[in-house]
Amino acid sequence: MVMIRLVLLWALLLTLGQYTSQGSDTGTKSGLIKDADASEAALHDDDDDKVSCSPVVSRWSEENLVNVSRLWKLDTTAQDLLRQLGKAVSDVDHWKNDPYEAIRFLYQFDMDLSKSEKLFRNMVQWRIEENMDTFMERYQEPPEIFHLSPVCMLAGLDKEGDPIMLNRLGSFDAFGMHQQVGTNAMLDADYFLFELFSTRGNGIPSHLDWQQYHYEPMTGKRFTQFTVIVDLHGLSVRQFHPALFGLLKKSSYIGQYYYPGLAKRIVVVRAPKVFRMAWGIAKHFYDEQSLRLLKFITNDDYLEALQEFVDLEVLPPVMNGKGKQMPGYMEKVKLEGGSISEQMQTR
């Protein structure tokens, strides 16, 4: 029992870490991470005349700054920090150098200007080294087997008009998937989801660009953040076999530091008793910013409690709702979960 608790604890720390900023970044967790000075050297353009008329300047226009401030409900202090961050990274010639993107770093890292600048530069350098700007064009969509990974966006919105991401982690046979496809294929599928969830235009095929062709026509505004629902119903030690730890750690790190600020809250529902017991230890691994995002709901009252954030009809049938998945790729995702090998045999 103690070993099961430790395995579940470690796995949940890593998985929830995809949406939060637990711990501190030392710059040594991955060979892809560079020091801020090294990134600056790689990205810096000394020609001031070129900088003054670059697309970076137009993206950081006063109109865009005002729009971002309104969308994120920034106070005057946060607005000033965003402007300072824009000036600090003005030498970075990349489409991500945009206030709509940069604000995520300030939000995720508690308005720490120095840390946000460093990690923003690291993110851009990682994208250049890994050719991430063309990843979606090269990859297209995950193989059909990944439709059995129950993570998707829902068609309906939360009560604040923001999109909902559902991760039925408790029903996902991660080890079974790993046995079928291996680590590299699972990482590529994670990259696909990170890009899909976070990117608007800029290499996203139009049929996958949910922000411009689904969310914005529905709401009349740009996307800021998700309400993330993590359903742990059915969670067991099998989902988190030790063979998966390297994959979970890398995916978690990438989510934290290269795709920050996507979640405004993470609502964890139907957690088994063994996890609730382990959480008393796990919570000490999270900083205050991350803990503020996490909300836990017990088995008995999860639907009633969820109504604080979402209307129950937007939830899918597997969670006793009538809602649908977001049109497009998300409609292909099978939310029922279960053994990968058994599902493959019945397809």
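Ligands, DNA and RNA excluded, the heavy atoms of ASP190 present near 40 Å² of accessible surface to a 1.4 Å solvent probe. Placing a pseudo-label 7 Å from each Cα along the Cα-to-Cβ vector at ASP112 and ILE145 gives an inter-label distance of 3.9 nm. Of the cross-linked pairs LYS159/LYS324; LYS273/LYS295; LYS73/LYS159; LYS115/LYS250; LYS273/LYS324; LYS264/LYS295, those separated by over 22 Å at the C-alpha level are LYS273/LYS324.
Legend: calculated FRET efficiency, LYS221 to PHE245, from the Cβ-Cβ distance at R0 = 25 Å, rounded to 0.05, equals 0.05. For segment 146-212 versus segment 242-256, the inter-centroid distance based on Cα atoms is 16 Å.
What FRET efficiency comes out for the pair ILE128/LEU187, r = Cβ-Cβ distance, R0 = 25 Å, nearest 0.05? Don't skip to the answer; put the middle values down first.
Working: r = 18 Å, r/R0 = 0.74.
Efficiency, rounded to the nearest 0.05: 0.85.
Measuring nothing but protein heavy atoms, the accessible surface of segment 48-112 at 1.4 Å probe radius is 49 percent carbon and sulfur.
What shape does segment 83-215 have by the C-alpha gyration tensor, where a ≥ b ≥ c are the square roots of the eigenvalues, rounded means a/c under 1.5, and otherwise prolate means a/b greater than b/c and oblate the rest?
Details: a/c = 1.83, a/b = 1.52, b/c = 1.20.
Here segment 83-215 falls in the prolate category.
Would you pull out the residues with amide H under 5 Å of ARG265's amide H, same chain only if 5 or more places away, H placed 1.01 Å from N? Residues meeting the amide H criterion: VAL228. Evaluating 6.51 cos²θ - 1.76 cosθ + 1.60 at θ = phi - 60° for every residue in segment 117-134, the Karplus couplings come out as 4, 4, 6, 5, 4, 4, 4, 5, 4, 4, 4, 5, 5, 9, 6, 6, 5, 10 Hz, glycine and proline recorded as x.
Over segment 142-252, accessible surface divided per residue gives 34 Å², non-protein components excluded, 1.4 Å probe.
Would you rank SER171, SER236 by solvent-accessible area, highest first, keeping every protein chain in place and using a 1.4 Å probe?
On the way: SER171 20, SER236 45 Å².
Heavy-atom accessible area, descending, gives SER236, SER171.
Taking PHE197, PHE172 and ordering them by how much accessible surface each has at a 1.4 Å probe, largest first, produces PHE172, PHE197.
The values are calculated or read from the model by the stated rules, or taken from the named source; none is laboratory data. From a predicted model like this one, the values you see are computed outputs, not experimental measurements. All Cβ positions, glycine included, derive from the backbone under ideal geometry; neighbour counts span all protein chains shown. Keep in mind that these areas ignore ligands, DNA and RNA; they rest on the heavy atoms of the full protein, side chains included. Shrake-Rupley method; radii C 1.70, N 1.55, O 1.52, S 1.80 Å.
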